[in-house]
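Here's the structure, in structure tokens; my notes come after.
Computed from the coordinates by the stated procedures, all read-outs in this text should not be read as laboratory data. Model, not experiment: these values are computed from the prediction. Here the Cβ positions follow ideal geometry from the backbone for every residue, glycine too, while neighbour counts run over all protein chains shown.
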Amino acid sequence: QRLSEDPVLRASERVILEPEFDQLRSVFEVEKVSELFAELLRSPRLTDIARQVLDSEVYIHQSRVNYKPGFGGAPFHWHSDFETWHSEDGMRQPRAFSFSISLTENHPFNGPLMVMPGTHKSFIPTIGETPQNYHEDSLRVA
């Protein structure tokens, strides 16, 4: 809640607002604006699991807090995170470990995350080129 009410943060490039109204939708690089999230993202509870799965050292490629109010806000449509990381960031292989931490309890009415089983095993790119900064525009689509 504190992040969503910070006027300096709201005016920064790290923030995406809801397409229909002036409410926070996403905050990128959250570890750079919140010590609490920085500590969480560097916690051995998370990094040790990632190291074990990837069998290598790890780093934060992208962090983001998505605000998804129940009964409101635009949806986060089906997508592949790797598509953006590959086309915009130059990540060569889908060798990443994603964490999703719900800060509130998930119910069918407040936008739970659905992960498609097996999608981590193959990359199916979209047809054509992914536009520059698509991550920004795609988050604004209602």
Under the Karplus relation with 6.51, -1.76 and 1.60 and θ = phi - 60°, whole-Hz ³J(HN,Hα) for the range 43-48, x at Gly and Pro, equal 5, x, 4, 9, 5, 5
Pseudo-spin-label distance Thr119 to Gln132, built 7 Å along Cα→Cβ, given in nm, is 2.8 nm
A student applying the Cα gyration tensor rule (rounded when a/c is under 1.5; otherwise prolate if a/b is larger than b/c, oblate if not) would label the range 13-59 prolate
Computed ³J(HN,Hα) along the range 27-34: with the Karplus parameters 6.51/-1.76/1.60, θ = phi - 60°, integer Hz and x for glycine or proline, the list is 10, 8, 6, 5, 5, 8, 10, 9
Between Gln23 and residues 5 or more places away or on another chain, the pairs with built amide H atoms under 5 Å apart involve Glu18
Calc'd 3J(HN,Hα), the range 12-17, phi into Karplus 6.51 cos²θ - 1.76 cosθ + 1.60 (θ = phi - 60°), Hz, glycine/Pro = x, comes to 8, 6, 6, 10, 10, 9
